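Trainee: Just passing along the structure, written as structure tokens.
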Amino acid sequence: MARPRNNPPESEPPRVSTFQAKAEKAGWQPDASGPLAEAPHEVQVAHLGLDVTEEELQATQAMVKAANQAVSLRADAFAAPPAVDWRNNGGNFVTSIKDQSSCGSCVSFGTIATIEARMNVACKTAGQQRDYSEAFLFYCGCGNCCGTGWNFVPALEYCKNTGVAAESKFPYVPGNRPCPSPPPTVDFKITGYTILPSAAERKAAIADGGPVIGGLAVYQDFYAYKTGVYKHVSGALAGYHAVSVVGYDDNQACWICKNSWGPSWGDAGFFRIAYGQSMDQQFAAYAPLVTCPPPPCDQYLPYLRRVLLAARTNPMLRRCLLYYICGRPPRPLCPPQYASIVAIVRQILAKCPQYRASFCRALM
């Protein structure tokens, strides 16, 4: 499960006092009393869940290197502002921090967090706490994977082909759980996803459409992160991890990320990681493609009721509606003011065809 192929000895995590000076010199602050700083090795590893092989890492690293070289030859191809943080970009479009606990479900959490934020961006709904089900994606899409972890592409394929469900339909509890039978109904499907090998591509995607999904190698010192721009300074490799990248800052030369280890870890659940670390050297990023769903049809019911009420006392309006909406002859000569009402009702029923039969019955 999301561990390096050369498993490190299960020694105690590095004491903060042994690397405090190194961390502060590198630009970040550790926390000796953090929730995972001195947790047993098996507990630390259980909080990861990005399952990759050495061959996959090498292939991705080569792809990232080639993409960065190609972009450098066309520097203006992916122009992006020097800093973006979707927690404060005309509002907060990022949803609340969650906790995957001791289950290798980070891919599901990083994917869902990114989709929630991207849906807020697409719908222009800053501050809305969309809440989609990590459990549905992980336990129905991957299965009994707490001990093995998962990967980006199959998770995104599941969101594209099967869909995304609300948290209320399948709340997350850590530990392998069966997918309900029948499974929860989905609320929507993503339309696809884009792979972003180069740093310039992922910055442009973040600036244009919202957060992206990223991966990183987790070393033991990372568990003690509190604030600042993280750089690896101490400790063995524990494994690999997926997160939501909610922004970047060229002034601090870092990515801004949302973790899934609860709000008491790190900087209220978030962290910054320096450019040139594993996040943009070993891993590509992924941008789920979402479209804002149309408003719910029930918003049109008051208008339809007003039209029906008017038609009860206006025979000409009623005849116009019966012919042009319900197909009931004879064809009337409709004045312009009635023709405009018919046009509006036709547009509503085209969006919400489930109302057509009851609307016509009410006109009879």
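Any read-out appearing in this document is the output of simple, stated calculations on the displayed coordinates, not a laboratory observation. Since the structure is predicted, the reported quantities are computational estimates derived from the model, not experimental observations. For neighbour counting, all protein chains shown are included, and Cβ atoms are generated from backbone atoms with ideal geometry for every residue, glycine included.
Trainee: Report the Cα centroid-to-centroid distance between the stretch 270-321 and the stretch 180-209 in angstrom, as an integer.
Mentor: 17 Å
Trainee: Now for a different question. Can you show me the helix-derived [θ] at 222 nm for the chain, built from DSSP H runs with n ≥ 4 at -39,500 (n - 2.57) apiece and divided by the number of residues, rounded to the nearest 500. Each step should come with its number before you reach the end.
Mentor: Working: 11 runs with 126 residues, N = 364.
Helix-only estimate at 222 nm: -10500 deg cm²/dmol.
Trainee: Something else now. Any idea what angle helix 301-313 forms with the longest principal axis of the chain, computed on alpha-carbon atoms, 0 to 90 degrees, nearest 10?
Mentor: 0 degrees
Trainee: Now for a different question. Does the stretch 106-229 classify as rounded, prolate or oblate by the C-alpha gyration tensor (a ≥ b ≥ c root eigenvalues; a/c under 1.5 gives rounded; else a/b over b/c gives prolate, otherwise oblate)? Intermediate results must be reported in sequence, preceding the final value.
Mentor: Values: a/c = 1.64, a/b = 1.19, b/c = 1.39.
It is oblate, given that a/c is not under 1.5 and a/b is not larger than b/c.
Trainee: Among (i) 110, 61, 42; (ii) 88, 49, 35; (iii) 66, 49, 36, which is the computed Cα extents along the principal axes in Å?
Mentor: Working out Cα extents along the principal axes in Å from the coordinates points to (ii).
Trainee: Among residues other than Ala62 whose Cβ falls under 15 Å from its Cβ, what is the net charge (Lys/Arg +1, Asp/Glu -1)? Numbers along the way, then the final one.
Mentor: Numbers: positive: Lys65; negative: Glu54, Glu55, Glu56, Asp280.
Net charge around Ala62: -3.
Trainee: Still on this model: Output the pairs from Lys124/Lys169; Lys226/Lys258; Lys25/Lys226; Lys98/Lys169; Lys169/Lys189; Lys160/Lys351 with a Cα-Cα distance over 19 Å in this structure; if there are none, say none. Walk me through the numbers before you get to the answer.
Mentor: Numbers: Lys124/Lys169 25 Å; Lys226/Lys258 13 Å; Lys25/Lys226 14 Å; Lys98/Lys169 17 Å; Lys169/Lys189 16 Å; Lys160/Lys351 23 Å.
Check vs 19 Å cut-off fails for Lys124/Lys169; Lys160/Lys351.
Trainee: State the cysteines of the chain left without a partner when partners are defined as other cysteines whose beta carbon lies under 4.7 Å away.
Mentor: That list is Cys106, Cys159, Cys254, Cys257.
Trainee: Within the stretch 272-315, whose backbone N sits under 15 Å from a point 7 Å along Cα→Cβ of Gln61?
Mentor: 276-284
Trainee: Using θ = phi - 60° and the Karplus relation 6.51 cos²θ - 1.76 cosθ + 1.60, list the HN-Hα couplings for the stretch 347-364 in order, rounded to whole Hz, with x at every Gly or Pro.
Mentor: 5, 5, 6, 5, 6, 10, x, 5, 8, 4, 4, 5, 4, 5, 4, 5, 7, 5
Trainee: Ok, one more. What does the highest-first list of 147-160, 254-267, 49-62 look like by mean Cβ count within 10 Å?
Mentor: Working: 147-160: 19.5, 254-267: 22.9, 49-62: 16.4.
Put in order of decreasing packing, that is 254-267, 147-160, 49-62.
Trainee: Does anyone have the angle between helix 199-209 and the longest principal axis of the chain? Alpha-carbon axes, 0 to 90°, nearest 10?
Mentor: Taking the Cα atoms of the chain, the angle to 199-209 is about 30 degrees.
Trainee: Highest first, please rank the peptides 310-317, 207-214, 244-251 by the mean number of other Cβ atoms sitting within 10 Å of their residues.
Mentor: On the way: 310-317: 14.2, 207-214: 23.6, 244-251: 21.1.
Going by the mean number of other Cβ atoms within 10 Å, highest first, we get 207-214, 244-251, 310-317.
Trainee: Given charges of +1 on the Cβ of Lys and Arg and -1 on the Cβ of Asp and Glu, with all other atoms neutral, how large is the dipole of the stretch 297-363 about its Cα centre, in debye to the nearest 20?
Mentor: Details: 11 positive and 1 negative charges, 34 e Å.
With only Lys, Arg, Asp and Glu charged at Cβ, the dipole is about 160 debye.
Trainee: Where nothing but the Cβ of Lys and Arg (+1) and of Asp and Glu (-1) is charged, how large is the charge dipole of the chain around its Cα centre, in debye to the nearest 20?
Mentor: Its charge dipole is roughly 2560 debye.
Trainee: Separate question: Taking 0.36 nm per residue of sequence separation and subtracting the Cα-Cα distance, how much length would be gained by fully extending the chain between Asn68 and Thr148, in nm to one decimal?
Mentor: Working: separation 80, 0.36 × 80 = 28.80 nm, distance 3.10 nm.
The span from Asn68 to Thr148 would gain 25.7 nm if fully extended.
Trainee: Taking the chain as the reference, fit the longest principal axis to its C-alpha atoms, fit the long axis of helix 54-72 to the helix C-alpha atoms, and give the angle between the two in degrees, 0 to 90, nearest 10.
Mentor: The helix 54-72 is inclined about 70 degrees to the chain.
Trainee: In the stretch 309-326, whose amide N lies under 16 Å from the spot 7 Å out along Cα-to-Cβ of Ala343? List them in ranges.
Mentor: Taking a point 7 Å out along Cα→Cβ of Ala343, the residues of the stretch 309-326 whose backbone N falls under 16 Å are 321, 324-325.
Trainee: Once you place label points 7 Å from the Cα toward the Cβ at Asp249 and Asn176, how far apart are they in nm?
Mentor: 4.2 nm
Trainee: Next question. Can you order the peptides 187-195, 114-122 by their average number of other Cβ atoms within 10 Å per residue, highest first? Can you show the working numbers first?
Mentor: Values: 187-195: 16.7, 114-122: 24.7.
Order by mean packing, descending: 114-122, 187-195.
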